[in-house]
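Enquirer: Let me give you the structure first, and then I'll get to my questions.
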Amino acid sequence: MMTSEREWACYPQVPGIAIAQLSRIDEVAAVLVTRWEWDGARRRRGSDPAAPEYQQIPRPGTEADAGAEPLWN
């Protein structure tokens, strides 16, 4: 792992590397992550990871909530 604001390590001597470019704007409370991959010859835009699947949590007091373990006590 390495960090740099300018260096991407895209050199023929480097056989492969995954790159995560972080970008932000002062007025926005978020960071954009752009993924890239270097294969020793070309830099290509990497694929975004799959979105996680979320389990629906039943609302307290509903039929689906009957017998469910509480989230907190």
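Enquirer: Just for region 26-50: of the residues that are among the hydrophobic types (A, V, I, L, M, F, W, C) and in a loop (DSSP other than H, G, I, E, B), which one is nearest to P15 (Cα to Cα)?
Expert: By that ranking, first place goes to A41.
Results for (1) among the hydroxyl-bearing types (S, T, Y); (2) modelled with pLDDT of 90 or more; (3) within 18 Å of the chain's Cα centre (by Cα), shown as yes or no for each residue.
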| residue | (1), (2), (3) |
| --- | --- |
| V14 | no, yes, no |
| I17 | no, yes, yes |
| L22 | no, yes, yes |
| R42 | no, yes, no |
| R45 | no, yes, yes |
| Y54 | yes, no, yes |
| P58 | no, no, no |
| A64 | no, no, no |
| W72 | no, no, no |
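The values are calculated or read from the model by the stated rules, or taken from the named source; none is laboratory data. If you're wondering where the values come from, they're calculated on a predicted model, not measured in any experiment.
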